[in-house]
Amino acid sequence: MIKKILMLVGLLCGISVAGVAQKYRTAAGVRLESDRFGVTLQQKLHDRGTLEAIAAVGSREYSATGLYEWHFPLLGERFNYYLGAGAHIGNLKDSGVFTGGDVILGIEYKVNGLPFLLSADVKPAFHIHHEDWIQLSSGVSVRYVLVKEKKEKKRLWPFGRQNDKNNRKRDDKPGVLDIFKKQEN
């Protein structure tokens with residue numbers, strides 16, 4: 001099953017297109033795994049990068065994970081794949097505190113017209129001071145967009161920033177017509 005998901009993600013990576021990958025600034029929601037339930041918060045840092053925080057609770061443990069993720073568009077701006085890395089800390093019922101590292105690979109879809117993100121991912125982790133040294137988990141997340149991406153205003157004048165006083169840069173270099181200006185000495 002995991003091999004098929006990775007092959008599908010790899011195939012879709014090969015047909016990616018250029019553009020901005022995310023259509024949101026901040027999103028929060030729930031993450032469902034086979035044996036854990038969690039909440040997730042995702043914050044866009046720049047065009048292709050986000051920080052994601054995951055707090056998960058299982059039957060014998062709870063943990064907090066921080067991930068940096070790179071997003072790449074697939075088949076348009078709303079559907080993308082992402083990969084990332086990070087670390088986690090948690091508490092196991094019988095053994096106490098554990099730490100470790102994580103990697104993540106997934107796909108994400110921003111529902112058109114609705115403020116929701118749907119994602120599915122594979123998140124392998126290695127642990128220190130845990131019963132299991134390596135854990136392979138997959139999850140599905142549903143997030144609500146808290147802060148939308150700002151839309152750029154469409155301009156009537158298509159050739160630069162004509163008549164836009166806020167975006168006009170002050171240029172101190174002399175121009176051709178400056179020879180006719182009265183000079184103060």
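Any read-out appearing in this document is the output of simple, stated calculations on the displayed coordinates, not a laboratory observation. Only a predicted model underlies this, so the values are computations on that prediction, with no experimental measurement involved. Cβ atoms come from the backbone with ideal geometry, glycine included; neighbour counts cover every protein chain shown.
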Q: Rounded to whole Hz and in sequence order, give me ³J(HN,Hα) for segment 116-121 from the Karplus expression 6.51 cos²θ - 1.76 cosθ + 1.60, θ = phi - 60°, writing x for Gly and Pro.
A: 10, 10, 10, 9, 9, 8
Q: Output ³J(HN,Hα) for segment 90-104: one whole-Hz value per residue in order, computed from phi by the Karplus curve 6.51 cos²θ - 1.76 cosθ + 1.60 with θ = phi - 60°, and x for Gly and Pro.
A: x, 9, 9, 3, 8, 9, x, 6, 9, 9, x, x, 9, 10, 9
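Across segment 35-84, how large is the tail of the calculated P(r) beyond 14 Å, expressed as a percent of all Cα pairs? The partial results should precede the final answer.
Details: 705 of 1225 pairs.
Tail fraction, whole percent: 58.
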Q.
Show me the ranking of peptides 119-128, 85-94, 70-79 by mean Cβ neighbours inside 10 Å, starting with the highest.
A. 119-128, 70-79, 85-94
